[in-house]
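Visitor: I am attaching a structure below and will ask some questions about it afterwards.
The values are calculated or read from the model by the stated rules, or taken from the named source; none is laboratory data. These figures come from a predicted structure and were not determined experimentally. We place every Cβ from the backbone using ideal geometry, glycine too, and count neighbours over all the protein chains shown. These area figures cover heavy atoms from the full protein model, side chains too; ligands, DNA and RNA do not enter into them. Shrake-Rupley method; radii C 1.70, N 1.55, O 1.52, S 1.80 Å.
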Amino acid sequence: MSEHVPRFRRSQRHDSVRYRTKRSTCCAAGPNRHKSKHRHVNGEEMSCVTIDAPPASAGLQSFFVAGFECSSHRRADGIRLDLIAATGHDRFAASDFARLAALGVTTVRDGMRWHLIEKGPGFYDWSSVLPMLRAARDARVQVIWDLCHYGYPDKLDIWSPAFVDRFARFAREAARFVRSESDDVPYYCPINEMSYWAWAGGDMRQFNPMTKGRGPELKRQLARAAIAAIEAVRSVDPRARFLTAEPTIHVAPAKTSASAKAAAEGYRLSQFEATDMLAGRLHPEMGGSPDKLDIVGVNFYPQNQWVLGGGTIPMGHHDYRPFRDMLAETAARYGRPVLISETGAEGTGRAAWLHYVCDEVAAARDDGVQVEGITLYPILDYPGWDNGRICEVGLFTTPNGNGERAVFKPLAEELARRRTQFEREARWDLPGRVVPIRRGAAS
């Protein structure tokens, strides 16, 4: 299979409305895994644990998941973003988790900021994570930790073997840190959106590493790092679960010719390359294998369907592909539980978009597709990547000085209705401490 790096469109990621104490011993061996080999990371020998197969279910606490925007990359102008800090989530994690738990959302995606934690090669400061981890534990919230959300330490060459080794060591130490604080089964997303990162950072110079024409190379390097990280985490805690989070897209041909159709289909199929690398189907020499594939995450936004070389395909257009079909294709391809790992819209379209996504998920599940959750992403309004304008995409607004956030009522009401559909005995009441709004950010 030839590699492509598609122009993955996003829906809330930029500033235009268009886009978008350590425990070092492993736990006892279980019946579904065995030690298979050793890997050397920065000169240290690390036992690599493989398992026959991950559990058949994702094991999420709640069907609906809240995703905290945790991008930490450097833009093309060199400015480092830190969306956890910019949204106030680092300061108000306890109230953020409590607010979600009150609405019945007890699983979240959150992030560890590698560039803040690794002060130097092999030296880690977990003070930026510890309050968040303990706040989640106190609120009984299950966290899927992003280990790398586009950002990495300065002066680390992403193209070098050292990048893979440093990331694997960081992942291992992160697993040790989490295990020292909790006995719960841990969840990790090693690298968020390898495909999108390869396009934006490897081909379009939008953010680090700011290159042109190196997208396929960057995708392979990120997959190597993700594979090494999975092995590293399992060497510490073989119970760990892993999420891949990749854009799901549809690309239609601009013309009816056979060549135009083939080009569009090739572009569309490239969405699976990163996940295929993890599974060992593509470039197996990198170490991918079926046991590396656990929970398959798909990120889906209003702008994820377009005409090759043209514009976005609007919902209702004859070229618009039903989301249920995209979910079915992914599930059939990998045979693993599927999580919608990101979805959302901006402004007044938030509730309507969730309505559409939920209808499609329900239809897919009725057809036997194993979709085990929907992640509202981002769950908080946030300052846009490019110019800092407040992107009104969340269930909750930016905080006031006391950490209070208003709730966007139409989205909250749609979420409440859908919880009763997807979660048995789900009940929902708008907490009195949450101020309902219809639009706008908190002052």
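To keep it simple, each residue is scored yes or no on (1) farther than 24 Å from Q271 by Cα; (2) touching a helix residue (DSSP H, G or I) at 6+ places or on another chain (Cβ under 7 Å); (3) not in a helix (DSSP H, G or I).
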residue	(1), (2), (3)
I144	no, no, yes
H149	no, no, yes
P153	yes, yes, yes
I158	no, yes, yes
F163	no, yes, no
F167	no, yes, no
A174	yes, no, no
D183	yes, no, yes
W197	no, yes, no
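Visitor: Now a separate question. Go through the range 247-270 and count every residue that is farther than 17 Å from G311 by Cβ, of a type outside the set (S, T, N, Q) and either touching a Phe, Trp or Tyr at 6+ places or on another chain (Cβ under 8 Å) or surrounded by 14 or more Cβ atoms within 10 Å (Cβ to Cβ) (or both).
Guide: Final tally of qualifying residues: 5.
Visitor: Cβ-Cβ below 7 Å, separation at least six or inter-chain, first residue in the range 338-358 and part of a loop (DSSP other than H, G, I, E, B) and modelled with pLDDT of 95 or more, second basic (K, R) and crowded, with 17+ Cβ neighbours inside 10 Å: which pairs?
Guide: Pairs that qualify, where the first residue is part of a loop (DSSP other than H, G, I, E, B) and modelled with pLDDT of 95 or more and the partner is basic (K, R) and crowded, with 17+ Cβ neighbours inside 10 Å, are G344/R350.
Visitor: In addition: Taking the stated definitions as given, is R91 more than 18 Å from E173 (Cβ to Cβ) and either assigned to a helix (DSSP H, G or I) or touching a strand residue (DSSP E or B) at 6+ places or on another chain (Cβ under 6 Å) (or both)?
Guide: Judged against the criteria, R91 is not a match.
Visitor: Taking V369 as the residue in question, decide whether it is open to solvent by less than 10 Å² (accessible area, probe 1.4 Å) and under 26 Å from F242 (Cβ atoms).
Guide: No.
Visitor: Failed condition for D77, given (1) more than 18 Å from the chain's Cα centre (by Cα); (2) of a type outside the set (F, W, Y); (3) surrounded by 20 or more Cβ atoms within 10 Å (Cβ to Cβ), with all others met?
Guide: (3)
Visitor: Just the residues that are surrounded by 12 or more Cβ atoms within 10 Å (Cβ to Cβ) and assigned to a helix (DSSP H, G or I), please, taken from the range 108-129.
Guide: Within the range 108-129, W114, H115, L116, I117, W126, S128 meet the criteria.
Visitor: Within the range 130-142, how many residues are out of contact with any Leu (no Cβ under 9 Å at 6 or more places or on another chain) and in a loop (DSSP other than H, G, I, E, B)?
Guide: Selection size over the range 130-142: 1.
Visitor: Only one of A332, A364 is modelled with pLDDT of 95 or more and open to solvent by less than 10 Å² (accessible area, probe 1.4 Å). Can you tell me which?
Guide: A364
Visitor: If you don't mind, another one. State which residue is nearest to I144 (Cα to Cα) when the search covers only the range 236-293 and only residues that are in a loop (DSSP other than H, G, I, E, B) and basic (K, R).
Guide: R239
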